[in-house]
Amino acid sequence: MEPIILASGSLRRHEYFRLLGLPFSIIPPRIDEEGGNGGDSREMAENLATRKVRKIIEYLKGQNPPWICGADTLISVDGTVFGKPADRDSAKLMIKTLQGRTHQVITAVALYSGKASTIDCRSVVSDVIFCPLSEEQIEWYLDTGEWQGVAGSYRIQGLASCFVSGIHGSYSSIVGLPLHEFYVMLRDNGYAYGTA
């Protein structure tokens, strides 16, 4: 299999690439994620994932690697989009907004093929239902620090799973990489994966 550059600093995405047995290297992109606004949440996530791939293409200055993958996850509730919290106060506001409600988790994946010089970008929307939370529960969660560096201030595979009463959609997408859709993307774009 050809190596893929993973344009992501996300440990969850690294773990998924290892799980899939893909040969990969990591180059975290340096982009302004706040600059991805414009359009609906799905468009925003796809724009950010594509910008991450383009940033690595630009960084490598014409080396034309065979494959680059970028991804982005956003949280949306009632038209408000949550990225990563800036600090504890913004994390608290996010968790208070999400508690007792259903919200959407949008993960977009962009895949660059050096051979075709194309970027294929797709996204998956999943619903996550949070139970009602008391002020004490919210403060306990914030004290764990788990909210840092993640969209919507929570990791579904961490302690926040205690607050999730249900999901509709792709669990792996909520974590950060929709595995089924990514598998289909690889095959659709000519990457030799899952063949004898």
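The values are calculated or read from the model by the stated rules, or taken from the named source; none is laboratory data. Quantities reported herein were computed from a predicted structural model and do not represent experimental measurements. Cβ atoms come from the backbone with ideal geometry, glycine included; neighbour counts cover every protein chain shown.
Here are the numbers for this structure:
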| item | result |
| --- | --- |
| Identity of the residue in the stretch 96-118, out of contact with any Ser or Thr (no Cβ under 6 Å at 6 or more places or on another chain) and among the β-branched types (Val, Ile, Thr), that ends up nearest to residue 51 (Cα to Cα) | 109 |
| Test: residue in the stretch 124-137 that is touching an Asp or Glu at 6+ places or on another chain (Cβ under 6 Å), modelled with pLDDT of 95 or more and surrounded by 14 or more Cβ atoms within 10 Å (Cβ to Cβ) | yes |
| Pair list, Cβ under 8 Å, 6 or more apart: the stretch 11-34 residue more than 23 Å from residue 156 (Cα to Cα), other residue among the small types (Gly, Ala, Ser) and surrounded by fewer than 16 Cβ atoms within 10 Å (Cβ to Cβ) | 26/9 |
| Filter result (buried (at least 20 other Cβ atoms within 10 Å of the Cβ) and not in a loop (DSSP other than H, G, I, E, B)) within the stretch 138-147 | 141 |
| Residues (in contact with an Asp or Glu (Cβ under 7 Å, 6 or more places away or on another chain), closer than 14 Å to residue 127 by Cα and part of a loop (DSSP other than H, G, I, E, B)) located in the stretch 148-170 | 169 |
| Options 118, 107, 144; residue that is under 20 Å from residue 182 (Cβ atoms), among the β-branched types (Val, Ile, Thr), over 17 Å from the mean Cα position of the chain (by Cα) and at pLDDT 95 or above | 118 |
| So residue 169, is it on the phi > 0 side of the Ramachandran plot and either in contact with a strand residue (DSSP E or B) (Cβ under 8 Å, 6 or more places away or on another chain) or β-branched (Val, Ile, Thr) (or both) | yes |
| The stretch 49-100, residues that are of a type in the set (Ser, Thr, Tyr) and either in contact (Cβ under 8 Å) with a residue 60 or more places away in the chain or surrounded by fewer than 15 Cβ atoms within 10 Å (Cβ to Cβ) (or both) | 50, 59, 73, 80, 90 |
| Enumeration of residues in the stretch 13-38 that are surrounded by fewer than 19 Cβ atoms within 10 Å (Cβ to Cβ), at pLDDT below 95 and under 16 Å from residue 107 (Cβ atoms) | 33 |
